[in-house]
Amino acid sequence: GKTAHRYTSPHLCSYEERFVIGMDTGKNRYITSTEFEIAVSRVAPFVEKLRLSHFEALTVVAFLIFSNIPADYLILETGMGGRLDATNIVTQPAITAITSISLDHTEFLGDMIEMIAHEKAGIIKPNVPVIVGARDPEAQRVITEIAASKKAPLSMVERDWDIHLLDGAE
């Protein structure tokens, strides 16, 4: 009975795939190319002035589009994730999730798992539940410490839940 919009990246064929309106209502849809073009034209004057990255500009486009259509929830997938991610502007999410930690975006997040875990844990907000799928023990240690310092309820893979393939699943 709840509605949700979804912003994900990257897209496979068109930018419009990143923006889904009205998930779980049976009426969900990608935004139209016209909706996308209108939002981009409104954001474009600020891209150079504010030195927005490609992902930051698209995140502003997402917020602009979704602000005009009511929903109960907004599901935001991060770009590189963590403290410096454009989606981290949301200060009071209902829940946060860190799916995995690996050596990615090392030029921004650091070149060690512990450093990357610390940066990605930057999405953890005070008293907001966080679900963690990271399996690396050092990443789990860092995230656990940060969650505890922010009094964020933590649900961790292999400790509180696990994932198993169903028979016949690949």
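The values are calculated or read from the model by the stated rules, or taken from the named source; none is laboratory data. As the structure is a prediction and not an experimental result, all values here were calculated from the model. So basically every Cβ, Gly included, is an ideal-geometry build from the backbone, and we count neighbours across all protein chains shown. Heads up: the accessible areas ignore ligands, DNA and RNA and are worked out on the full protein's heavy atoms, side chains in. Shrake-Rupley method; radii C 1.70, N 1.55, O 1.52, S 1.80 Å.
Under 5 Å from the amide H of Leu74 lie the amide H atoms of His5, each residue being 5 or more positions distant or on a separate chain, with H modelled from the backbone and absent for Pro and chain starts.
Legend: calculated FRET efficiency, Ser14 to Phe108, from the Cβ-Cβ distance at R0 = 25 Å, rounded to 0.05, equals 0.40.
For the chain, the share of DSSP beta bridges that are antiparallel, to the nearest 5, is 30%.
Taking the 1.4 Å solvent-accessible surface of region 59-170 as the whole, the part contributed by carbon and sulfur is 58%. Less than 5 angstrom separates the built amide H of Ser9 from none of the residues sequence-distant by 5 or more or on a different chain. Per-residue 3J(HN,Hα) values for region 70-79, derived from phi via the Karplus relation 6.51 cos²θ - 1.76 cosθ + 1.60 with θ = phi - 60°, read x, 7, 6, 9, 10, 9, 10, 8, 6, x Hz in sequence order (x marks Gly and Pro). 3J(HN,Hα) couplings calculated from phi for region 40-56 with the Karplus curve 6.51 cos²θ - 1.76 cosθ + 1.60 (θ = phi - 60°) are, in sequence order, 4, 5, 6, 8, 3, x, 9, 4, 6, 4, 9, 6, 6, 6, 4, 5, 4 Hz; Gly and Pro show x. Under 5 Å from the amide H of Ala152 lie the amide H atoms of Asn127, each residue being 5 or more positions distant or on a separate chain, with H modelled from the backbone and absent for Pro and chain starts.
Coupling constants for region 150-158 follow from the phi torsions by the Karplus curve (6.51 cos²θ - 1.76 cosθ + 1.60, θ = phi - 60°), and in residue order they are 9, 6, 8, x, 10, 10, 10, 4, 6 Hz; glycine and proline get x. Packing, taken as the mean count of other beta carbons within 10 Å per residue, orders the peptides 147-159, 59-71 from highest to lowest as 59-71, 147-159. For the chain, lysine pairs separated by 8 or more sequence positions, or belonging to different chains, with Cα-Cα distances below 26 Å total 6.
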